[in-house]
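The values are calculated or read from the model by the stated rules, or taken from the named source; none is laboratory data. Remember, it's a predicted structure, so these values are computed and weren't measured experimentally. Neighbour counts are summed over all protein chains in view; Cβ atoms, including those assigned to glycine, are modelled from backbone coordinates with ideal geometry. We work out accessible area using only protein heavy atoms, side chains counted, and drop any ligands, DNA or RNA first. Shrake-Rupley method; radii C 1.70, N 1.55, O 1.52, S 1.80 Å.
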Amino acid sequence: EQVVVVAVDDISIQSLGRWPWSRKRHAELIDRLTDMGARSVGIDILFSEYQKDEPQADRLLAQSLTNNGHVVLPVAPTRLSPSDPISDLLPIPELAVAARAMGHVDVELDIDGACRRFFLYAGISNAQWPAFALSMLQVGGDISETAFDHELTSNNHTGWLRQHRMFVPYVNKTQPKVISYIDIINGRILKSD
């Protein structure tokens with residue numbers, strides 16, 4: 001019951017317009033979550049390029065990340081072309097510095113579309129990035145940063161490396177609470193909700 005998903009749902013898109021939204025809108029969401037006292041905020045959007053049509057939006061988002069102090073941003077593996085090596089896809093520097101932490105979002109789906117396993121750590125040449133959810137737990141203080149301590153590998157490994165495989169326990173059927181993005185922005189959700 002401690003996990004809440006703020007969803008970019010159809011109602012939010014109808015109210016706020018087509019995706020992608022300005023980073024000023026995401027800054028507004030983070031400011032609302034800051035006011036509500038969220039212990040950890042994970043923004044699972046790859047802000048890997050600058051918002052060229054509204055340059056001040058990146059600055060406003062960075063300020064909101066700094067003010068909150070508990071935001072986790074994603075890191076993903078990417079390959080620009082088939083001949084290029086895999087690399088880390090990171091947020092733009094201003095957002096990376098303003099975030100409290102980053103976590104990898106490398107997820108493998110089985111042939112039936114289900115994810116049955118994940119890796120607690122991944123990264124280029126060494127598994128330096130904790131999984132996105134693990135990073136959120138660490139930032140929120142729900143788990144210590146050394147709870148799943150691991151050793152970084154030597155730099156002689158190339159490519160995307162994964163470590164500490166875990167299996168998804170499907171015995172707990174409890175789903176997290178889902179709240180519409182627009183309901184947070186419009187103040188229809190109270191801190192107690």
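A few remarks follow.
- Placing pseudo-labels 7 Å out from each Cα toward the beta carbon at Asp9 and Arg188 gives an inter-label distance of 0.9 nm.
- Highest-first arrangement of 126-132, 28-34, where packing means the average Cβ count within 10 Å: 126-132, 28-34
- Listed values [x] 57, 37, 31; [y] 52, 51, 30; [z] 50, 43, 34, entry calculated as Cα extents along the principal axes in Å: [z]
- Packing-based order for 176-182, 82-88, 16-22, using average beta carbon neighbours within 10 Å, highest first: 176-182, 16-22, 82-88
- Surface accessible to a 1.4 Å probe, per residue, for the residues of the chain, Å²: 61 Å²
- Sorting Phe119, Phe167 by solvent-accessible area of protein heavy atoms yields Phe167, Phe119, largest first, with a 1.4 Å probe.
- Accessible-area composition of the chain, carbon plus sulfur, in percent [1.4 Å probe]: 53 percent
- Heavy atoms of His70 accessible to a 1.4 Å probe, total area in Å² rounded to 10: 60 Å²
- If you sort Asp58, Asp53 by accessible surface, 1.4 Å probe, largest first, the order is Asp53, Asp58.
- Local electrostatic count at Trp129 - Lys and Arg +1, Asp and Glu -1, tallied over other residues with Cβ under 9 Å: -2
- Share antiparallel - DSSP beta bridges, the chain, percent rounded to 5: 50 percent
- Contour excess over end-to-end distance, with Cα ends at Asp31 and Val97 and 0.36 nm allotted per residue: 22.0 nm
- Using a cutoff of 8 angstrom between alpha carbon atoms and counting only pairs six or more residues apart, the relative contact order for the range 29-105 works out to 35 percent.
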